[in-house]
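Colleague: Quick one: this structure, given as structure tokens, is what I'll be asking you about.
The values are calculated or read from the model by the stated rules, or taken from the named source; none is laboratory data. The structure displayed is predicted, hence computed values, not measured ones. When we count neighbours, we look across all protein chains shown, and the Cβ atoms used for this are built from the backbone with ideal geometry, even at glycine.
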Amino acid sequence: MTNSSANPPAGVSLLSKLLLSTSFAITILFAVTGWIVQDRATRLTALSLEDEVQTGFRAYVSLWRARAEMLSSISQILSRMSDVRAAFSTGDAATIRDTAGEIWTRLAREDAIFLVCDPQGGVIASLGRAPSPPLRALPFVRAAARRFPTQSSGFQLLGGTLFQIVVTPVYVSTAREPALINVLVAGYAVDDGVANGLQAATGETQFEFEVSGRTVAASGGARLPASSPFVRELRRPLLDLEGHTLGELRISRSFEAARQHVQRLRRDVFVIWAVALAAGLLLIYLLARKFLRPLAELDGAARQIAQGDLEVHLKASSEDEVGRLAHSFNSMSASLREARQELIRQERIATIGRLSTSLVHDLRNPLAAIYGGAEMLVDSHLSPEQVRRLAANIYKSSRRIQELLQDLLHASQESAAHREPCPLAEMVRAAAGDCRQAAGAGQVAVLLDIPPDLELTVARSRVERVFLNLIGNAVEAMPGGGEVRVTARRGDGHVLVCVADNGPGVPEHIREKLFQPFVTAGKRSGLGLGLALSRQTVLDHGGDLWLEPAPRGACFYLRLPAA
């Protein structure tokens, strides 16, 4: 299988994680704080408006009571004065008006009304504000007679105008029981001026007096809709002299200003959040960038070491944890360099030892054959046939020594070589032809299935030696006979070649190090450089060589760039 890159995929940086987590924390903090502030502000505003509505109602009650007490006091004073009572006894309207008018004008306000009635409700005299149209009879006087001799107070509609009135009986003592002489009716008009005065005393609270569904007095401004969710309204009944509901007082207050205040507060919280988030992220970015710079340098140095550069050195700019980490990293890098140098030295010694052992083992047999043949040629009188056989053996032995030396030469040569377009089928057939004698002796069939149009731009001799090595290894691994099949197909910009056999396969214990130098198993001769040199040749051409798992035998794949 192909080698994958050792570099891990790039992830989210530590600085990005810090900024994201900080922005999330600031957002959550401001969201919770903003919700608490808005909820608190809304509650306080609602309580404030409720209190203002109640304050308006209390102002109305205070005014109503003050006026009622004043009217009651004046009426009580007039009803108890002897000269007034004497005038009332005459029944003469002019006398009553003259006697009571002087006192009334000094005690009462100009907008108040003062009526003197007989017990049946007929108006005898009228002082103060004159109702329009003039009143001739007051039916409620007879209704209020049930409460005599006590005073009665309440609201009454007179001539289309709503009045707050007090009814006071004037009576004289007789031998049997007090006798009712006259009835005093005093009152104040409830008009727009009263409503505006109440509104001025309570701010933006609006007052509206209704009688029979008709507004008889109201403060200035547009009427607030009761169905609006931003209006707080309080309703109180207007009671007449008998305690019956005559009309209704509507006290209303708009929440619109409070709603706009909450909206502004929400916008302010959002702006503060945005500014705080931007400032916080900028500050954290600057500080974190400063604090994380040593970690970034450490990360880059670790990547260099992972790529094999052990000469990297970090500059420790502080004595904190990061500085101590830099010192430890430099010590580790120095230890790795020393270990690598020692490993290289040990590997060179081991390589020389393995090479010497393999050379001695592999050269001993052909040298022995050459030495023995030469000795027989020198010391014996041989027939021409015997000389020919000895010469052939000496030639084969010297050829084997030359092949071993050629393997060593390829192991030390540079990868650069002349490349040219070559038909793949010709190179594989040439390699298979060199193995034909060994394959025939071992009863191994070599089958080729390669399209004739496949071409590769390669160094022909080196690539032929790759196929020769793979086919030769497969033939040598099947001394009892078998089959070697070489197939090829074109891929996306490359050619994929498969060399498979049905032999015993590659032993499990050498699979991981199969392409390392001097690794061999089950071969009678060789240095163990064939597969290592073959893979290096393919890598030099921009391809790869690997072993694929197979249910039987060995299956090698080559990937080479197409011409």
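Colleague: Looking at the stretch 453-461, can you tell me whether even one residue there is modelled with pLDDT under 85 and among the β-branched types (V, I, T)?
Modeller: Checked against the condition, which is being modelled with pLDDT under 85 and among the β-branched types (V, I, T), the stretch 453-461 yields no hits at all.
Colleague: Name the residue that is surrounded by the fewest Cβ atoms within 10 Å (Cβ to Cβ), counting only residues in the stretch 311-354 that are modelled with pLDDT of 75 or more and among the acidic types (D, E).
Modeller: Ranking the candidates gives E311 first.
Colleague: Within the stretch 172-230, which residues are assigned to a strand (DSSP E or B) and modelled with pLDDT under 80?
Modeller: Our first condition is that a residue be assigned to a strand (DSSP E or B); within the stretch 172-230, this holds for 172, 179-190, 206-211, 214-218.
Once the filter is applied, which keeps residues that are assigned to a strand (DSSP E or B) and modelled with pLDDT under 80, the stretch 172-230 yields V172, A179, L180, I181, N182.
Colleague: Still on this structure: Tell me, which residue of the stretch 47-77 that is β-branched (V, I, T) and over 25 Å from V183 (Cβ atoms) is surrounded by the most Cβ atoms within 10 Å (Cβ to Cβ)? Spell out the reasoning first.
Modeller: So in the stretch 47-77, the residues β-branched (V, I, T) come out as 53, 55, 61, 74, 77.
Narrowing the set further to residues that are over 25 Å from V183 (Cβ atoms) leaves 53, 55, 61.
Working: V53: 18, T55: 16, V61: 11.
Within the stretch 47-77, the match that is surrounded by the most Cβ atoms within 10 Å (Cβ to Cβ) is V53.
Colleague: Working only within the stretch 457-493, note down all residues that are in contact (Cβ under 8 Å) with a residue 40 or more places away in the chain and in a loop (DSSP other than H, G, I, E, B).
Modeller: A459, A477, G491, G493 - these are the residues of the stretch 457-493 that are in contact (Cβ under 8 Å) with a residue 40 or more places away in the chain and in a loop (DSSP other than H, G, I, E, B).
Colleague: Oh, and also: So, in the stretch 423-466, how many residues would count as being surrounded by 21 or more Cβ atoms within 10 Å (Cβ to Cβ) and under 18 Å from N502 (Cβ atoms)?
Modeller: Residues in the stretch 423-466 being surrounded by 21 or more Cβ atoms within 10 Å (Cβ to Cβ) and under 18 Å from N502 (Cβ atoms): 4 in total.
Colleague: Here are the criteria: (1) closer than 24 Å to V166 by Cα; (2) of a type outside the set (D, E); (3) modelled with pLDDT under 75. Tell me which single one G243 does not satisfy.
Modeller: Every listed condition holds for G243 apart from (3).
Colleague: Of all residues in the stretch 436-456, which are within 21 Å of L545 (Cα to Cα) and either of a type in the set (A, V, I, L, M) or assigned to a loop (DSSP other than H, G, I, E, B) (or both)?
Modeller: Here is the first cut: in the stretch 436-456, the residues within 21 Å of L545 (Cα to Cα) are 446-451, 454-456.
Correct list: V446, L447, L448, I450, P451, L454, L456.
Colleague: Sticking with this one: When the stretch 35-75 is examined, which residues are found to be of a type in the set (A, V, I, L, M), closer than 25 Å to E233 by Cα and in contact (Cβ under 8 Å) with a residue 60 or more places away in the chain? Walk me through how you get there before you give the answer.
Modeller: Filtering the stretch 35-75 for residues of a type in the set (A, V, I, L, M) gives 36-37, 41, 44, 46-47, 49, 53, 59, 61, 63, 66, 68, 70-71, 74.
Within this subset, residues satisfying the condition of being closer than 25 Å to E233 by Cα are 41, 44, 46-47, 49, 53, 59, 61, 63, 66.
Listed by number, the residues that qualify are A41, A46, L49, V53, A59, L63.
Colleague: Out of everything in the stretch 1-26 that is polar (S, T, N, Q) and under 22 Å from R289 (Cα atoms), what residue ends up being modelled with the lowest pLDDT? Before the answer, list the steps.
Modeller: Taking the stretch 1-26 first, the residues polar (S, T, N, Q) are 2-5, 7, 13, 16, 21-23.
Filter once more, so that each one left must be under 22 Å from R289 (Cα atoms): 13, 16, 21-23.
Working: S13: 69, S16: 75, S21: 78, T22: 75, S23: 75.
Among those residues, the one meeting the criterion is S13.
Colleague: Which residues, taken from the stretch 542-562, are of a type in the set (D, E, K, R) and in contact (Cβ under 8 Å) with a residue 60 or more places away in the chain? Walk me through it before giving the result.
Modeller: Here is the first cut: in the stretch 542-562, the residues of a type in the set (D, E, K, R) are 544, 548, 552, 559.
The answer is D544, E548, R559.
Colleague: Could you go through the stretch 307-330 and let me know if any residue there is in a helix (DSSP H, G or I), more than 30 Å from T42 (Cα to Cα) and within 30 Å of the chain's Cα centre (by Cα). Step through it out loud before you land on a result.
Modeller: Initially, the stretch 307-330 is screened for residues in a helix (DSSP H, G or I), giving 321-330.
Add one more test, that the residue is more than 30 Å from T42 (Cα to Cα), and what stays is 321-330.
Within this subset, residues satisfying the condition of being within 30 Å of the chain's Cα centre (by Cα) are none.
Within the stretch 307-330, none of the residues are in a helix (DSSP H, G or I), more than 30 Å from T42 (Cα to Cα) and within 30 Å of the chain's Cα centre (by Cα).
Colleague: Which number in (1) at pLDDT below 85; (2) farther than 19 Å from R465 by Cβ; (3) over 52 Å from the mean Cα position of the chain (by Cα) marks the one condition that G505 misses?
Modeller: (1)
Colleague: Going by what's in this entry, would T55 be described as in the same structural domain as I272 (by TED's automatic domain parsing) and not aromatic (F, W, Y)? Lay out the reasoning, then the answer.
Modeller: Values: in the same structural domain as I272 (by TED's automatic domain parsing): no; not aromatic (F, W, Y): yes.
For T55, the condition - in the same structural domain as I272 (by TED's automatic domain parsing) and not aromatic (F, W, Y) - is not met.
Colleague: Among the residues of the stretch 248-297 satisfying the criterion of being closer than 30 Å to E233 by Cα and small (G, A, S), which is surrounded by the most Cβ atoms within 10 Å (Cβ to Cβ)?
Modeller: For the stretch 248-297, the residue satisfying everything is S252.
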